[in-house]
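Worksheet for the structure shown next.
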Amino acid sequence: MAARNEDANRSLVFLLVDGLGDTFLQRFGAGSTLLAHRTGRLTSVFPSTTASAVTTTLTGLAPATHGLTGWFIRDRRFGGVLAPLPMLVRGNGAVEGLLASQRLFPYQTLFQHRTRPATLIYPHYLAGSAFTRRHSRGAHVVPYQGLEGMVDAIVDELQSFRPQSGYVHAYYPAFDALSHTHGCESSEVIARFQRIDASFTRLLERLQGCNCDIVVSADHGFIDSPQQQQIRLEDYPDAKRLLDTPLFGERRAAFFGLRPGAERDFQAFSDEVLRGKAVLLSSESLRKNNLLGPGKPHRKLSERTGTHALLMESGWTILDRLPDETEHEMLGVHGGLSPQEMWIPLICARC
């Protein structure tokens with residue numbers, strides 16, 4: 001009983017380092033404080049991507065239930081295919097409507113069920129976004145700038161809880177951004193990991209004796225997809241005409257709708273062009289096999305997963321482009337089912 005009471009009085013810090021896969025940590029983390037405190041590994045959700053996984057950490061809901069099935073989702077109420085985190089419709093500007101975020105994100109957050117104080121520590125350029133505002137209900141939001149700003153905010157918030165205990169959820173996205181741009185094993189990414197590890201070391205030093213537990217993990221890992229392994233649907237206009245929507249989901253796990261009667265022709269395209277590069281599945285089979293997780297299905301899950309999905313083989317991606325749409329070049333990618341993307345570390349420390 002005394003041990004349970006002691007644990008009940010401890011604060012908890014959850015630090016999510018966007019993109020820090022377990023494969024990377026074990027390959028490049030030798031001698032690091034983060035690796036020294038690794039206690040095991042977890043799987044990401046599917047798709048293994050920020051929109052799906054971060055939403056799970058903020059709500060406790062699987063993608064099947066919260067409905068964010070990738071960076072892009074399909075929702076006809078808002079003009080077709082959109083990116084829910086920045087609230088942008090593909091090729092058509094911002095999502096509009098006074099109640100847009102309430103309709104897109106109709107579920108409760110974890111913070112709304114709290115029994116102790118809770119703080120969400122987010123980068124200053126994300127802290128005020130519609131997505132963050134909606135998913136931080138029930139928590140105090142603290143914006144920060146830079147790694148040391150995040151560490152300072154964590155320490156300050158824990159001190160503000162005293163003599164009570166509380167929960168701090170901190171999010172660091174820069175590792176992910178560098179991995180997309182430079183590749184997941186680039187010198188830039190390794191250098192950023194070393195900076196993160198040094199900041200984690202200082203955080204532990206500053207929190208010694210503060211009666212708190214720290215858990216560090218990620219939303220997904222990474223894999224590289226060089227240009228020669230990037231399939232562009234514009235190069236196959238006959239196949240593209242078989243689709244009734246732009247691609248949505250992820251480059252590594254693409255959802256789409258086929259026009260009525262087009263299934264046989266698209267299967268032939270897949271057999272001829274995509275063999276060894278992707279696996280074509282019906283989206284219904286993904287849903288029936290709970291690949292998107294347990295729980296009550298979102299009422300628009302069928303729309304948001306389309307009729308079919310392409311699950312890309314290791315290193316391969318598929319993408320399309322709409323008129324006037326800015327293309328974002330990416331070397332490092334995620335969203336698929338490879339071990340590098342799916343395994344994330346479980347790092348624990350007690351202070």
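In the chain, taking the dipole from charged Cβ atoms about the Cα centre, the farthest positive-side position among N9, T55, H328 is held by N9. Mind checking which lysines have their C-alpha under 19 Å from K300, skipping anything on the same chain fewer than 8 residues away? Hits, sequence-local ones excluded: K288.
Wrap a convex hull around the Cα atoms of the range 227-333, take a quarter of its surface area, and give that in square nanometres. Hull-based average projected area comes out at 7.6 nm².
Using the Cα centre of the chain as the reference point, and only Cβ charges (+1 on K/R, -1 on D/E), how large is the resulting charge dipole? Debye, rounded to the nearest 20.
Taking the Cα centre of the chain as origin, the dipole is about 1240 debye.
Over all other residues within a Cβ to Cβ distance under 13 Å of A118, the charged ones net out to +2, with Lys and Arg as +1 and Asp and Glu as -1.
For the peptides 250-258, 322-330, residues were scored by their other Cβ atoms within 10 Å and the scores averaged per peptide; the highest-first order is 250-258, 322-330. For the chain, the longest principal axis of the C-alpha atoms and the axis of helix 50-59 are separated by about 50°.
For the listed peptides 153-160, 102-109, a ranking on the average number of other beta carbons within 10 Å per residue, highest first, reads 153-160, 102-109.
Cβ crowding within 10 Å ranks H169, H140, H37, H124 as H124, H140, H37, H169, fewest other Cβ atoms first. Remark: the range 123-259 carries a charge dipole of roughly 460 debye about the Cα centre, counting +1 on each Lys and Arg Cβ and -1 on each Asp and Glu Cβ.
The long axis of helix 187-207 is offset from the longest Cα principal axis of the chain by roughly 30 degrees. Scaled against the 2.2 N^0.38 Å expected of a compact globular protein of N residues, the Cα radius of gyration of the range 99-218 reads 1.17. Treating only the Cα positions of the chain as identical point scatterers, give the base-10 log of I(q)/I(0) from the Debye formula at each q in 0.13 Å⁻¹. So the normalised log intensities work out to -1.02. Around the Cα centre of the range 214-330, unit charges on the Cβ atoms of Lys, Arg, Asp and Glu (plus for the first two, minus for the last two) sum to a dipole of about 620 debye. A simple count of charges around T109, restricted to other residues whose Cβ falls under 10 Å of its Cβ and scoring Lys, Arg +1 and Asp, Glu -1, yields +3.
For K277, the lysines whose Cα comes closer than 20 Å to its Cα, not counting residues fewer than 8 places off in the same chain, are K240.
Sorting 339-349, 12-22, 277-287 by their mean Cβ neighbour count within 10 Å, with the most densely packed peptide first, gives 12-22, 339-349, 277-287. Candidates L292, P237, A309 compared by Cα position along the dipole of the range 227-333: farthest toward the positive end lies L292, with charges placed on Cβ. Measure out, as a whole number of angstrom, how far apart the alpha-carbon centroids of the range 117-178 and the range 312-327 sit. Spelled out, the Cα-based centre of one part sits 32 Å from the other. Each other residue within a Cβ distance under 11 Å of R304 adds +1 if Lys or Arg and -1 if Asp or Glu, for a net charge of +3. Annotation: the residues T43, T132, sorted from fewest to most other C-beta atoms within 10 Å of their own C-beta, follow the order T43, T132.
Throughout, read-outs are computed from the coordinates displayed, never taken from laboratory work. Remember, predicted model here, so these are calculated numbers, not experimental data. So basically every Cβ, Gly included, is an ideal-geometry build from the backbone, and we count neighbours across all protein chains shown.
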